[in-house]
Structure formats: C-alpha cells, structure tokens
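Here is the structure we will look at.
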Amino acid sequence: MWDSSMFLSTLTPKFYVALTGTSSLISGLILIFEWWYFRKYGTSFIEQVSINHISPWINGNDVQSENGSGSSSSSGSSNSSSNGAGGGGGGAAGGGANGGTNSNSNSTTSSGTPECKVWRNPLNLFRGAEYQRFFWATSKEPLTYYDMNLSAQDHQTFFTCEGDARKEEYEIMQTAWRERNPMQRIKSAHNALEINAECAPAYILLAEEEAMTILEAEKILKTALKVAEINYRKSQATQHQGAIADGVHRRDTNVLIYIKRRLAMCARKLGKLKEAAKMFRDLTKEIPSIMSVLNIHENLIETLLEMQAYADCHAILAKYDDISLPKSATICYTAALLKARAVADKFSPDIASKRGLSPAEMSAVEAIHRAVEFNPHVPKYLLETKPLILPPEHILKRGDSEALAYAFFHLKHWKQVEGALNLLHCTWEGTFRMLPYPLERGHLFYPYPTCTECADRELLPAFHEVSVYPKKELPFFILFTAGLCSFTALLALLTHQYPEPMGLLAQTVLTWILYPIQLLKERIEAFWPCNLLQQLSRV
C-alpha cells in the first residue's frame, strides 16, 4: 500500500517554495482579472459564470420549468404594479411612448418592469458656443461618441424624410449629421446652403456647431426661423397629397419647433427671461410628436425658477407631476424645492428633534425623500460634495447623467431659497432607511434600475467618476482570491527564508490533514482482510 509518510519525507523545502509561489501567482492573476471585470461590468466574473452556466447545468430542467411557469405570473404582477403605486414608475423609463431612445445596454426586463431609456437632455448646450469652448480651455472632450451618435440619430429622424430623395442639399445633410469631424459637418452644411439657401437643417447645424457665441447662434437661428416658416407654409398646403407630402410637412413642422425652442433657449441664456418664458409657453401648446421628446415644460420650469415665479412653477407642476406621466429629476426636485421654500428659512434640526416636525416641514421632508428615491445621485451635486461637469446631450432618467444635467442648471435655484440646501443636507439620507433593498423593491417608484451604471459610463466622459447607486460591495470571490494570494505569497516568503522549520510545519499540517484518510483506510482493512482486497483487485 501507498505510504504517505515516506512520500512527505522525500519532499524538499524547494518543493514547498515552488508550490506556494505558483499558488500565489495564479491567485494573483485571478485577483487582477476579477478586479478588472468588476470595475468594468460591476459584477464578479466567477459569480456570473456560476449563476449563468454552472447552476443551470447542475439544476437541469428544474430551472427551465420554473422559469417557464413563472414568466406568465411575473408579467401579470408587473402589469398590476405599474398601475398601482408605480405612479412614479413612468419616470424610470417612462416613456416608451414618449420618445425615449433605446441604448444597447438598456432594455426592458422579461417581467415587464421598465428598465433604462436614454432621453434627450431638454437643456442641452450648444456645441460651438459652449462645449467647444470647454474643450479649448481644458483639452478634455465633454461629449462621448456614443452621445453624439445618439444626437445624429435624432437629427436624422426629425430633420429628414422620404421626400428628400434626389434633393442634393438634403442628401448632403443626411450624411452631415453622422460625420465625426466637426469641420466636415460645418463644410457640408455650407455646401447644402450653396445648393439651396432655404435648407433649414443646414442653418440648425451651423447654429449648433459653427457659432462661437450665443449671440451668433441666435442670429443664425433667426435666419433659420424665416426659412423654416416659409417651408412650413409650402408643405402645409400640400400635406394631404399623399404619404410623401405628409412626411415632408411633418419634417418641416419638427424643424420649425426645434428652431423656436433653441431661440427660446438663446433668450434664456442672454437674460431675456420674459421673452423666453413666453416662447416656451407657446411651444408647450404644440401637439406634434417631437414635443414628447423635447420635454419643453422642463425648460419653462427652469426659466420660471430663474424669474422666481414660484406660483407659475406650482401651476406647471400641477399639470405635469401626474401619476400617469413620466417623471424626471426636474419635476421631483422642483416640487421638493417649492415645499422646502415654505419652511427652510426657519428650519433647525436641533429644534425639530426636540419638538418634532410640523405638518409643513413633514410635507417638505416627504417631498425630498420622494425626489431622492427617484434619483439618489442629485443631492451630492447640489450639496457640492461631488464636482459638476458639463451635462451630456442625452440623459438616463434616474441615472448620474440626469443628476448632472439637473444640478448644472438648478443648483443656483436651490441657493436662492434660503435654508433649502440645509434642509436637504439634514434629511436626504433618511430616504435610504425606507429603501433597504432598492434594486428589489421601491417605495413610491419602481425598483431602481440595474442598468444605469453601464449606460451612464457610455454617456459621460471618461474623466468623470460615475456615481453608482446602490454602492456595490466587493464580491466574495475578489476578497477570497485576495486573501488566498496574500496567504500563499506569505507562505512562499517564509519557506524561502526558513526552509527547515517551514518544511517541518508543512509535513505536520499535511500529516494532520491526511490522518482521517489514514484512519479510514485502517478501519476498512480491519473490516475487510487484506487478502480479500487483493482478490477483489485481481477480479
């Protein structure tokens, strides 16, 4: 029979050094790969393989049958939840019918619960007059290619139609939107205008990218408005002459509304607040499909807050903060700001802890908790514990990109209300006590989407540290491999420095480990004679 003691006595200290060193190297490589995978995808590779491949293989058909039987019940439960307290649920991605843009990583779960959708930023900046100036000052690209590609898709969707076929100027603009080089885009717009001076999309591109100041952009947009109104009247007269004519009229309508919106934004940036508010009010009365994408009511809310027209803000919120409409950070946090305004100047956490909250203070705190549940990333930007950057052209509702876009334009409105930021600072973290498992269960909204981190990383520039909620703890396998790597490296070092004592220690440990096996072997030999085992081996 095999003698383990003889085998152990032949092992030299060099063997133990090689063994522990190799173990440390392998576990270190696994640790590095696990850490890289976790930083990129937010989960453990070993855990993913175990759940997706090993577990179904072990469980066999049981898992498939459970999934098959559970799919119908889960879809039914999701429908019932969306009609219930999910009043804010529309905000999670609210609006499949409201023109959100699907991204690669953003989908709807099999249970029917809304996941992530990418929306146009209602307050997006001008590329030439604002984003380009930031790049010149910092040498950092403020926009990602993914974000700009989504904008190109939007422009092609709303500013082109089937009636543009064989019209050279519009065919040039179709390709111009997708050009990566900004100078080439500008050159293409000028070429289109040389062919047809009434090509309104070309003026839009020049106002967005060539104009280096807001005044220049406004001047180009005013010219574009005259051209767009002429084109709109022409197509309006022929819109009922077929599908192509109707498509041309729809395109001209989209162009006209877009130009009016950008002109209103120019007026807002130039301090002409009353003019901007009037233009935004007029635009909110329009019906075309592009209105659901532009979310112009958020531009109006921001302008009214700058004018400190809080009563008008209340009226706008009463119209749009409805259970059946998609929510946004602007709606939720503006509602919280207006309620905080009534009590914030006299609020003291010490006094409130002694006498309790008054009804008005309780209402304000509940509004803050509601806003934080919808988008938990916003308070860090409003309280300036996290640095702001220029917002992207597209945002992910409930994500870090939406929080950036909201705080970038609304931080000054919170500062204008005395005590509002102090009230937010004292109360916002209390939201998380109501939501111990935000990915599994929501309170006033759907559970927090799981895909926001990946989508925000594609929308936001690389130099920005994306805010993650809920904060992810290191997976077990990363901690395990880190401990294994450190332990085996320590053993290798000690074996190299003290070979004889560590060799004796290793032999002792192995003897202890092998002792139960040796004992079991002796019991078997005592129960079955040795010659019987030999005869069985011959058979």
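The values are calculated or read from the model by the stated rules, or taken from the named source; none is laboratory data. All figures in this text were calculated on a predicted structure; none of them were measured in a lab. As a convention, Cβ positions derive from the backbone with ideal geometry for all residues, glycine included, and neighbour counts pool all protein chains shown. What goes into the accessible areas is simple: the full protein's heavy atoms, side chains included, and nothing from ligands, DNA or RNA. Shrake-Rupley method; radii C 1.70, N 1.55, O 1.52, S 1.80 Å.
If I filter the range 221-234 for residues that are under 16 Å from Tyr203 (Cβ atoms), hydroxyl-bearing (Ser, Thr, Tyr) and in contact with a helix residue (DSSP H, G or I) (Cβ under 8 Å, 6 or more places away or on another chain), do I get at least one hit? For the range 221-234, residues under 16 Å from Tyr203 (Cβ atoms), hydroxyl-bearing (Ser, Thr, Tyr) and in contact with a helix residue (DSSP H, G or I) (Cβ under 8 Å, 6 or more places away or on another chain): present. Of all residues in the range 210-224, those that are free of Cβ contacts under 8 Å to residues at least 60 places away in the same chain have Cβ atoms under 9 Å from Cβ atoms of residues that are aromatic (Phe, Trp, Tyr) and surrounded by 15 or more Cβ atoms within 10 Å (Cβ to Cβ), 6 or more apart or on another chain, in Ile220/Tyr203; Leu221/Tyr203; Thr223/Tyr203; Ala224/Tyr203.
Can you spot a residue in the range 347-358 that is at pLDDT 90 or above, surrounded by 19 or more Cβ atoms within 10 Å (Cβ to Cβ) and out of contact with any His (no Cβ under 7 Å at 6 or more places or on another chain)? No: zero hits. Residues in the range 391-414 that are surrounded by fewer than 18 Cβ atoms within 10 Å (Cβ to Cβ) and in contact with a helix residue (DSSP H, G or I) (Cβ under 7 Å, 6 or more places away or on another chain): Leu411 alone.
The residue that is most open to solvent (accessible area, probe 1.4 Å), among those in the range 166-195 that are over 23 Å from Leu390 (Cβ atoms) and part of a loop (DSSP other than H, G, I, E, B), is Arg166.
If you filter the range 363-379 down to residues that are surrounded by fewer than 24 Cβ atoms within 10 Å (Cβ to Cβ) and of a type outside the set (A, V, I, L, M), you find that the one that is nearest to the chain's Cα centre (by Cα) is Pro376. The number of residues in the range 118-165 being in a loop (DSSP other than H, G, I, E, B), more than 21 Å from the chain's Cα centre (by Cα), at pLDDT 90 or above and crowded, with 16+ Cβ neighbours inside 10 Å comes to 1. Pairs needed: first member in the range 372-389, over 11 Å from Glu402 (Cβ atoms); second member anywhere, in a loop (DSSP other than H, G, I, E, B) and basic (Lys, Arg); C-beta distance under 7 Å; at least 6 residues apart or different chains. As it stands, the answer is Lys380/Lys386, since those pairs meet every condition given.
Filtering the range 363-383 for residues that are closer than 27 Å to Lys140 by Cα, in a helix (DSSP H, G or I) and of a type in the set (Phe, Trp, Tyr) leaves a non-empty set.
Out of Ile287, Ile301, Ile257, Ile296, which single residue is open to solvent by 50 Å² or more (accessible area, probe 1.4 Å) and not acidic (Asp, Glu)?
On the way: Ile301 fails: open to solvent by 50 Å² or more (accessible area, probe 1.4 Å); Ile257 fails: open to solvent by 50 Å² or more (accessible area, probe 1.4 Å); Ile296 fails: open to solvent by 50 Å² or more (accessible area, probe 1.4 Å).
Of Ile287, Ile301, Ile257, Ile296, the one residue that is open to solvent by 50 Å² or more (accessible area, probe 1.4 Å) and not acidic (Asp, Glu) is Ile287.
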